[in-house]
Amino acid sequence: MRADRRGSWYLLTGAILGLVVGLFYSWVVSPVKYVDAPPYALRADFKNNYRVLVAAAYLYSNDLVRAEDRLAQLRDDDPAQSLAMQAQQALAAGRPEAEVRALGLLAIALGEGFTPPASSTAHSQEAIILTPGAENTTTPPGVIGTPANTILPSSTATPTPAEGASFVVGETRLACNPAQPVPLIQVEILDAAQNPVPGLELVVTWEGGEDHFFTGLKPELGLGYADFNMTPGVVYSLHLEGGEQEVDDLSAAECQAEDGSRYWGSWRLTFIQP
Amino acid sequence: MSRWTKFLVAVLLGSIIGLFYGWVVNPVEYVDIAPESLRVDYRTDYVLMVAEAYQVDKDMGLAVRRLALLGSSTPTDLVANALNYAFQHDYASQDLSLFQALGEALLTWNPNMEVPTP
């Protein structure tokens, strides 16, 4: 009689005990092992490594479809955007230039669905362009800046048109756009055929600082476009990596709206290949 | 059925439910895995990417560091395994050549000659 009054609680106790044992075994002692994991399960830093590797491999093969397939395994919402962001983060973190360039070029290619010129690739060697041998003297009609006006482009064959020394400053002007109140240095780089050139590195320097940025990382604004945020009061100099021509004395300048209010303008520079 | 028997049956049922929940319904998720846990075809493609990248930068130190993420096997073993898999699964001859080129470069590579990267 006394035993019966204990009821059936022991069954619940047993079930809970068994549940705990089962969970302990399945979660701790012998958890599910993912030995055949897909790339999207990689840790974030490994995903970054994976993207770099896909981009580096793309530089060799120029096979955009293969690169897209590989990136699809990471299940990024927007692979081109992920690459562009990683390129900018890599640049900010001082990662090797080759890595930044590879990421940027693949981001551009994905954004536009084409294959941009990639230097030092085995397959891009076919895209050899001869730069003019004649001495070029240019006088930029810029409002500011005192660039060296004479450049001597190489007369030998170069693998790509992306040689900084072969571009000259074509225009420098203050662009006033009330919808763009943040002061920028906006750069547009065009080749000799007036086509935008992505993947070129620009170096901006100021007293006590230096930064690098690339064309083409904002493909929605043009493949040859790049911009840099200026801090008001700071004077900047700008040149193409490897280029001889430098634009000096760039600083945030004000524009005036029709109602008399003032806002920051942006310096718009165009580099062209003669 | 004795009380003890019923108790043990309850424990057993609870264990089964626990295992089912832990293995099927809500298993441990490895969302932050390392490349060494990749499936063999992805591992092979990873090695292929390393081989392709090596053709561009010719940096064997970098290639070895990339391969090291695939586990503790030696780089030559990793490339050999990838080449085996690629051969068995009819990869393009161009890809097979890349594996071979990387494998051969690894055999002649002397890590002591590497210039340390800052």
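Brief remarks follow.
- Total residues in the stretch A:164-182, condition touching a Phe, Trp or Tyr at 6+ places or on another chain (Cβ under 7 Å) and open to solvent by 10 Å² or more (accessible area, probe 1.4 Å): 5
- In the stretch A:178-231, the residues that are over 21 Å from A:Gly111 (Cβ atoms), of a type in the set (Gly, Ala, Ser) and in contact (Cβ under 8 Å) with a residue 40 or more places away in the chain: A:Ala192
- Residue list for the stretch B:1-35, restricted to those being more than 7 Å from chain A (Cβ to nearest Cβ) and either assigned to a loop (DSSP other than H, G, I, E, B) or touching a Ser or Thr at 6+ places or on another chain (Cβ under 8 Å) (or both): B:Met1, B:Ser2, B:Asn26, B:Glu29
- Of the residues contained in the stretch B:59-72, one or more are found to be open to solvent by 30 Å² or more (accessible area, probe 1.4 Å), more than 11 Å from chain A (Cβ to nearest Cβ) and modelled with pLDDT under 90.
- Of all residues in the stretch A:240-274, those satisfying the criterion of being part of a strand (DSSP E or B) and crowded, with 21+ Cβ neighbours inside 10 Å are A:Leu240, A:Val247, A:Leu250, A:Ser266, A:Trp267, A:Leu269, A:Phe271.
- Qualifying residue in the stretch B:90-101 (condition: open to solvent by less than 90 Å² (accessible area, probe 1.4 Å), facing chain A (nearest Cβ under 7 Å), at pLDDT 90 or above and not in a helix (DSSP H, G or I)): no
- In the stretch B:36-50, the residues that are of a type outside the set (Phe, Trp, Tyr), in a helix (DSSP H, G or I) and facing chain A (nearest Cβ under 8 Å): B:Ser37, B:Val40, B:Asp45, B:Leu48, B:Met49, B:Val50
- Scan of the stretch A:81-115 for residues that are out of contact with any Pro (no Cβ under 8 Å at 6 or more places or on another chain) and acidic (Asp, Glu), ordered by number: A:Glu97, A:Glu99
- Residues that are surrounded by 16 or more Cβ atoms within 10 Å (Cβ to Cβ) and within 11 Å of chain B (Cβ to nearest Cβ) within the stretch A:75-100 comprise A:Ala98, A:Glu99, listed in sequence order.
- Summed over the stretch B:66-79, the residues that are assigned to a helix (DSSP H, G or I) and closer than 17 Å to B:Leu38 by Cβ give a count of 7.
- B:Val79 among the β-branched types (Val, Ile, Thr), within 9 Å of another protein chain (Cβ to nearest Cβ) and either in contact (Cβ under 8 Å) with a residue 12 or more places away in the chain or out of contact with any Lys or Arg (no Cβ under 9 Å at 6 or more places or on another chain) (or both): no
The values are calculated or read from the model by the stated rules, or taken from the named source; none is laboratory data. This structure is a prediction, so every number in the text was calculated from the model and none was measured. In this analysis, Cβ positions are derived from the backbone assuming ideal geometry, glycine residues included, and neighbour counts consider all displayed protein chains. Protein only, heavy atoms only, side chains kept; ligands, DNA and RNA dropped before computing areas. Shrake-Rupley method; radii C 1.70, N 1.55, O 1.52, S 1.80 Å.
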